[in-house]
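Before any comments, here is the structure.
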Amino acid sequence: MGGIVGYIGTDNAVDVIISSLRKMEYRGYDSAGITILNDDLVTYKTAGKISELEKIIPAGFNGHIGIGHTRGATHGKPETRNAHPHLSSNIAVVHNGIIENYMRLKEKLIEQGYEFLSDTDTEVIAHLLHRTMKDNEACSLIDAVRHIMTKIEGSYAIAVLCTDEPDHIVLARKDSPLIIGLGDKNYFAASDVTAFLRYTKNAVYINDMELVQISPGGVEFYNNDGQRIEKQIEVIEWNEEAAEKAGYEHFMLKEIHEQPTSIQDTYAGRISELEGRVILDELKMDEDQLRNLQRVTIIACGTSWNAGCVGKYLFENLAGIHTDVETASEFRYADPVLCGQIFTLAITQSGETADTLAAVKSTKAYGCSSAAITNVVGSTITRETDSVFFTRAGPEIGVAATKSFTAQLIVLYLIAIHMGTVRGRLTPQTTRDILVGIKQLPGQVQRILNNKDVIKKCAEHYANVQDYFFIGRHLNYPVSLEGALKLKEISYIHAEGYAAGEIKHGPLALISSETPVVAIATKGHTYDKVLSNIKEIKARSAEVIVVANESDNEISKYVDRVLRIPDCHELLSPVLSAVVLQLLAYYTALARGCSIDKPRNLAKSVTVE
Ligand code: M6R
């Protein structure tokens, strides 16, 4: 994820920028860089940690105006040439976010004679600004930034320096955080308030499509019509540790709330709504290989395995490919029947899970095409498979996987749609419907978050039970497994996820008034069947909590509590139901006073067998 930093003031800009970047290290990054504006722009950047950057900055180098960056690779490998700042002649830019239409812009700029030195989307911003100011000599830097905001699509927080205006840093944002810190003759900008909290507690939060100009004399805020606007100064009361959690009590709650952004970041640049198709440049398989695929074998552990189980339904439904989901710890000692026409897909948030890595290695001898879905750039799994799809969820600190799960689902939708399109399984209309639906997910997740009090009350009501059941059918079966896993790992309540149709083959014996049952009963082709299961359970006096769509007016007649998700395409509901179940687990654990971010006996990354 990384972040941007800007500073103008009386202190040494190099020291301030480096210390601010360090404060944002927890956001994850793979390269770092800094530009100081003295008479000229002087830039140092490198792949690797901030300590590597410090090694290449000459002793005594300083200044009073500068920008800095930590980068989590999205476009282009984590190499020095892809690290920010990016330059175009007398302009330097740092950027947090993703420019979705950068390829089209890049082609035009190349035609105009611009030379690109990196594989990043960000470099187009530097060249576009240069072009704009060259075409119109009277154009100020802030006007140039406002102008290019009409050209670039996607998400961004940018900070720009230009030698023509040596007293300014210009910043702008859309869908990527940007906060300004106001000190005494010292002004800061950053992606995260933690970056400057040791210097000032006075912060101004920038909204989408707003611009900022920082000068030694003060800070001016503008809307995108170029009018000056007043902004409210907020006094941040958090200490640095609380600030890393953005004021949330736990990382898990913060990460649950980050999902509108992490979902959007994960599909950004991978969906062409115009053409109604998915763009998966990362997939190193040609169309013939995709058409000839006989099977998909998904390999994963824990929550990633649950995501894989949702993936099975997607690959079979959308792409017509038989799919198996293997538990990595079992698969590595099995006798797999594999061949060249099989696509093996590892799913691992950390990219370091020992069992998943060993299982993937064991498939190599069979000549399968292989891919990984992971959240961590540079992790071991990225060197073990032919293709790598990054979820862009940002670092997940809480042991319980939350935003990484929903981001994994987004990548699975995209791969399944791409395969389904190439294999002629999907009509353009179905593809378009699902893609439009995916783009609605961030707003729909936000709606669930806005109404979380209902989930909190429900969690508190049942916080002292000893056992919980979660049931669902079809895609909602793995969602019920994930709901149970989340609850057991952080609240220590025994919880089981079950295929709703299996309940009467044994577990019904355990159902009583003491065992609440969470039934995922979202609209879809198995809805009526789940309703019958709910009635069977109610007949055994158990209380039923249902996850249902907003438009389902009937369901409340049959159950004790209803937790709502917005109406959506049947295949997309797992993303929304998962968020409800994450909150249910979180508030249950909170009510029980558990150690939520670090549950007993568990580690974030299981690097041993
Ligand atoms: O990093 P991975 O996705 O490979 O980790 C796999 C599991 O250890 C992990 O998903 C675990 O189940 C989660 N902590 C559950 O919330």
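The values are calculated or read from the model by the stated rules, or taken from the named source; none is laboratory data. Keep in mind that this is a model prediction, so the values were computed, not measured. No Cβ is skipped: glycine too gets one built from the backbone with ideal geometry, and neighbour counts run over all protein chains shown. Note: accessible area is taken over every heavy atom of the protein model, side chains too, but ligands, DNA and RNA are not part of it. Shrake-Rupley method; radii C 1.70, N 1.55, O 1.52, S 1.80 Å.
At 0.36 nm per residue, and after removing the present C-alpha to C-alpha distance, how many nm does the segment from Val436 to Phe61 gain when stretched out fully?
130.0 nm
Using a 1.4 angstrom probe with every protein chain in place, what is the largest-first accessible-area order of Asp355, Asp288?
Largest accessible area first, the list is Asp288, Asp355.
Work from the charge dipole of segment 482-565 (Cβ charges, +1 for Lys and Arg, -1 for Asp and Glu, about the Cα centre) and give the residue of Asn553, Ile520, Ala484 farthest towards its positive end.
Result: Asn553.
Compute, for segment 2-242, the length of the dipole vector about the Cα centre, with Cβ point charges of +1 (Lys, Arg) and -1 (Asp, Glu) only. Units Debye, rounded to 20.
It comes to approximately 340 debye.
State the Kirkwood hydrodynamic radius of segment 276-352 in Å, one decimal place, computed from all pairs of distinct Cα atoms.
13.4
Tell me, Kirkwood radius of segment 451-609 from alpha-carbon pair distances, in Å?
For segment 451-609, inverting the mean 1/r across all distinct Cα pairs yields 15.7 Å.
Kindly provide log₁₀ I(q)/I(0) values, in the same order as q = 0.07, 0.09 Å⁻¹, from the Debye equation applied to equal alpha-carbon scatterers of the chain.
For the chain at q = 0.07, 0.09 Å⁻¹, log10 I(q)/I(0) is -0.45, -0.74.
With a point put 7 Å past each Cα toward its Cβ, work out how far Asp135 is from Asp288 in nm, to one decimal.
4.4
Could you list the trypsin sites (Lys or Arg not before Pro) in segment 344-437 that lie in coil according to DSSP, counting only those with at most 12 other Cβ atoms within 10 Å of their Cβ?
Of the trypsin sites (Lys or Arg not before Pro), not one in the loops of segment 344-437 has a Cβ with at most 12 other Cβ atoms within 10 Å.
Provide the percentage of antiparallel DSSP beta bridges, counting only those with both residues in the chain; round to the nearest 5.
Counting only bridges with both partners in the chain, antiparallel ones make up about 60 percent.
By its C-alpha gyration tensor, with a ≥ b ≥ c as the square roots of the eigenvalues, how is segment 393-477 shaped: rounded for a/c under 1.5, else prolate for a/b larger than b/c, else oblate?
Cα axes put segment 393-477 in the prolate bin.
Could you work out how much longer the chain between Arg228 and Asn450 gets when fully extended? Use 0.36 nm per residue separation minus the Cα distance between them, nm to one decimal.
Contour length minus Cα-Cα distance gives 76.8 nm.
State, to one decimal in nm², a quarter of the convex hull surface area for the C-alpha atoms of segment 2-242, i.e. the direction-averaged projected area.
11.9
Provide the FRET efficiency to the nearest 0.05 for the Glu52-His461 pair, computing r from the beta carbons and using R0 = 60 Å.
Efficiency, from the Cβ-Cβ distance: 0.70.
Let me see the P(r) profile for segment 461-536: every Cα-Cα distance counted, bins of 5 Å, each bin given as a percent of all pairs.
Over segment 461-536, the share of Cα pairs per 5 Å bin runs 3, 17, 29, 25, 17, 7, 1 percent.
Working with all protein chains in place, sort Asp11, Asp324, Asp39 by solvent-accessible area computed with a 1.4 Å probe, largest first.
Highest to lowest solvent-accessible surface, that is Asp39, Asp11, Asp324.
If packing is taken as the mean number of other Cβ atoms within 10 Å per residue, what is the order of 562-572, 448-458, 170-180, highest first?
Descending mean neighbour count gives 170-180, 562-572, 448-458.
Can you list the lysines whose alpha carbon sits under 22 Å from that of Lys231, skipping same-chain ones fewer than 8 residues off?
Partners found: Lys174, Lys185, Lys201.
With angles folded into 0 to 90 degrees, how steeply does helix 428-450 sit against the dominant principal axis of the chain? Use alpha carbons for both and round to 10.
With rounding to tens, the tilt is 80 degrees.
Explain nothing, just the number: dipole magnitude of segment 1-126 about its Cα centre with +1 on each Lys and Arg Cβ and -1 on each Asp and Glu Cβ, in debye rounded to the nearest 20.
It comes to approximately 300 debye.
Using a 7 Å offset from Cα along Cα-Cβ at Lys529, what residues in segment 464-497 end up with backbone N under 17 Å from the label point?
Residues 471-481 qualify, since their backbone N sits under 17 Å from the label point.
Per-residue ellipticity at 222 nm for the chain, helices alone: DSSP H runs ≥ 4 residues times -39500 (n - 2.57), over residue total, nearest 500 deg cm²/dmol?
My calculation for the chain gives -10500 deg cm²/dmol from helical runs alone.
At 0.36 nm per residue, and after removing the present C-alpha to C-alpha distance, how many nm does the segment from Asp164 to Val608 gain when stretched out fully?
154.3 nm
Per residue and in cubic angstrom, what volume does the convex hull of the Cα atoms of segment 50-139 have?
It comes to 122 Å³ per residue, whole-number rounded.
Determine the order of Thr402, Thr382 by accessible area, beginning with the largest, at a probe radius of 1.4 Å.
Order by accessible area, largest first: Thr382, Thr402.
Do any chymotrypsin sites (Phe, Trp or Tyr not before Pro) in segment 468-516 lie in a DSSP loop with no more than 16 other beta carbon atoms within 10 Å, and if so, which?
Here the chymotrypsin sites (Phe, Trp or Tyr not before Pro) that fit, given the DSSP loop and packing criteria, are Tyr492.
Give me the one-decimal nm value for the distance between modelled label points at Asn601 and Arg81, 7 Å along each residue's Cα-to-Cβ direction.
It is 5.1 nm.
Please name whichever of Leu531, Pro85, Val310 sits farthest to the positive end of the charge dipole of the chain, dipole taken about the Cα centre and charges placed at Cβ: Lys and Arg +1, Asp and Glu -1.
So the residue furthest toward the plus end is Leu531.
If you filter segment 82-185 for chymotrypsin sites (Phe, Trp or Tyr not before Pro), then keep DSSP loop positions with at most 16 other Cβ within 10 Å, what is left?
Loop-located and lightly packed - Phe116.
Determine the dipole magnitude for the chain: charges of +1 sit on the beta-carbon of Lys and Arg, -1 on that of Asp and Glu, nothing else is charged, the reference point is the Cα centre, and the result goes in debye to the nearest 20.
That gives a dipole near 1260 debye.
Restricting attention to the alpha-carbon atoms of segment 308-441, what are Rg (one decimal) and Dmax (integer), both in Å?
15.1, 43
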